[in-house]
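Just below is one structure, and these are the notes that go with it.
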Amino acid sequence: MIGEPRLPRVDSALISAQALQGLIESGSSTVVLDASFDLTDTFAGERAYLGAHLPGALYVHLDRDLCGQKTGLNGRHPLPDRAAFAATVGRLGVTPRMQVVVYDRQDAMFSSRLWWMFRWLGHEAVAVLDGGFAAWQSVGGAVQGAAVSVKPQSAYPIGAEVSPLVRTVDADMLQAQLGRISLIDARAPERFRGEFEPLDAQSGHIPGASNRFFKDNLAADGCFKQAEVLRAELLTLIGARSGSEVVHQCGSGVTACHNLLAMSVAGIDGAALYPGSWSEWSSDPSRPVARG
């Protein structure tokens, strides 16, 4: 219809800085979200956003916007329920007909969680800015400071069912499947091995897990490796198993989404997220722990 914004078309989970420039300049209905964050200084990401961000970008805070209530036993960054996140998405002005682009300043560490949550909500038109804020600056992209206001919408409409391609498992489900699925831990190798643990109740990892440090998904320039490279590397971990036989976890369900994003780029779909991850698992002394 005349007067309606043109619908953008992003056919990948990633978008380059140059492509995003073209998308914005085309007048397409695009929402850009800045998910920058720092686990050790929870105000750092917002300060960075207020200093400089992509034109029109809105800020999304990991603890305030992407987490549910913490009980001390459900991990450091538990998922909110879908209705609560749908309300958050509505407050950001996002509707089903909009393309969403997310980015951060931490190697897609936090924007990948936001990307996954949009897909979990049922919004497939979402992409991560490949290379993040640094990539945008490298192509001379304009920036602005201060917060951006937006006209809130009603809660994002969600269906009763979650797509089978965007699955979660809880701790009991995971423990029952150990040895029969491929479990991939996205934490740094020294944390995985249990050499030190700066954040959670115990050191170590879930028995049977393989380690895929999330930064191994990136090339030297901070962008994701090519799809065929990611596919070859990921297949060395999962072998002949299908994507539906893979579960991803990390410390608190955040960087696990980076590996889920890498699998999507590689064309391996259907893997599940264990949202509670090591922070939940290690808080329960009855759960088995492995080290080394």
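A cut-off of 5 Å between modelled amide H atoms, ignoring neighbours fewer than 5 places along the same chain, links residue 210 with 183, 184, 185. To the nearest 10 degrees, how steeply does helix 256-265 sit against the main Cα axis of the chain, on a 0 to 90 scale? Rounded to the nearest ten degrees, it is 70.
Around residue 85, under 11 Å between beta carbons, what's the net of Lys plus Arg minus Asp minus Glu among the other residues? That sum, taken over residues with Cβ under 11 Å, equals 0.
Amide H to amide H, with H built 1.01 Å from N, residue 273 comes under 5 Å of 167, 168, 169, 248, counting only residues 5 or more places away or on other chains.
For residue 58, the residues 5 or more places off, or on other chains, whose built amide H falls under 5 Å of its own are 32, 33, 34. Residue by residue, region 151-159 carries 3J(HN,Hα) couplings of 7, x, 10, 5, 3, 4, x, 10, x Hz when phi is fed to the Karplus relation 6.51 cos²θ - 1.76 cosθ + 1.60 (θ = phi - 60°); x denotes Gly or Pro.
Along region 174-181 the Karplus relation, 6.51 cos²θ - 1.76 cosθ + 1.60 evaluated at θ = phi - 60°, assigns HN-Hα couplings of 5, 4, 5, 9, 4, x, 10, 10 Hz to successive residues, with x for each Gly and Pro. Here residue 225 is the anchor, and the lysines within straight C-alpha reach of less than 18 Å, apart from those fewer than 8 places off in the same chain, are 215. For the chain, the longest principal axis of the Cα atoms and the long axis of helix 227-238 meet at an angle of about 20 degrees. Each principal axis of the Cα cloud of the chain was evaluated for its coordinate range; sorted largest first, these ranges are 59, 40, 37 Å. The residues packed around residue 114, meaning those with a beta-carbon under 9 Å from its beta-carbon, carry a net charge of -1 if Lys and Arg are +1 and Asp and Glu are -1. The value given for region 138-249 is a Kirkwood hydrodynamic radius of 17.8 Å, derived from the mean inverse Cα-Cα separation.
When 258, 77 are arranged by Cβ crowding within 10 Å, least crowded first, meaning fewest neighbours, the order is 77, 258.
Sorting 103, 59 from the fewest to the most surrounding beta carbons within 10 angstrom yields 59, 103.
Given 218, 177, 88, which one lies farthest toward the positive end of the charge dipole of the chain, if we put +1 on the Cβ of every Lys and Arg and -1 on the Cβ of every Asp and Glu? Result: 88. Beta bridges per DSSP, both residues in the chain: antiparallel share near 10 percent. Placing unit charges on the Cβ atoms of the charged side chains and taking the dipole of region 167-281 about its Cα centre, the candidate lying farthest along the positive direction among 258, 274, 238 is 238.
Principal-axis analysis of the Cα atoms of the chain puts helix 82-91 at an angle of about 30° to the longest axis. Rounded to the nearest 20 debye, the dipole magnitude of region 14-138 is 340 debye, with +1 charges on Lys and Arg beta carbons, -1 on Asp and Glu beta carbons, and the Cα centre as origin. Neighbour counts of C-beta atoms inside 10 Å place 31, 126 in the sequence 31, 126, starting with the fewest.
If you put +1 on each Lys and Arg Cβ and -1 on each Asp and Glu Cβ, how big is the dipole of the chain around its Cα centre, in Debye rounded to 20?
Roughly 240 debye, rounded to the nearest 20.
A short reminder: the numbers here are calculations on the coordinates, not readings from a lab. Source: prediction; values computed, not measured. Virtual Cβ from ideal backbone geometry, glycine too; neighbours counted across all protein chains shown.
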